[in-house]
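Have a look at the structure below before the remarks.
The values are calculated or read from the model by the stated rules, or taken from the named source; none is laboratory data. This is a predicted model, so every value here is computed, not measured. Here the Cβ positions follow ideal geometry from the backbone for every residue, glycine too, while neighbour counts run over all protein chains shown.
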Amino acid sequence: MKRNPVPSAKRWRHGRCRVDLMKIDLALFAYLSDYQPDGQGGRQARSLDVAEPSTVADLIRVLSLPDEPRISFVNGVHAPEDQVLTDGDRLAIFPPVAGG
């Protein structure tokens, strides 16, 4: 599934509105990697320009991730979905994992 990336700029004009952008690194794991914004799959992190401010939940919505349990980390620390992201953050999203 191919998605259109957000324009790569610090400011993006949409109609009469200007949107401030920030850059984050996004890593999606397991089957969630199929939702990478560049449509390439794989779990390596991608640099992504997103509207400022954005939350983890905003990115989940933009990426159209399935409405299923998941675990999110921002800069290596467990993060709730209402956490606001800042420029330079690394967001990693995992599906639940079980092992034995």
For the stretch 31-67, what are the residues that are over 21 Å from V19 (Cβ atoms) and touching a Pro at 6+ places or on another chain (Cβ under 7 Å)? Y31, L32
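Every residue, every condition in (1) modelled with pLDDT under 85; (2) outside any loop (DSSP other than H, G, I, E, B); (3) surrounded by 13 or more Cβ atoms within 10 Å (Cβ to Cβ); (4) out of contact with any Phe, Trp or Tyr (no Cβ under 9 Å at 6 or more places or on another chain), yes or no:
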site	(1), (2), (3), (4)
M1	yes, no, no, no
A9	yes, no, no, yes
R13	yes, yes, no, yes
V19	yes, yes, yes, no
D25	no, yes, yes, yes
L91	no, yes, yes, no
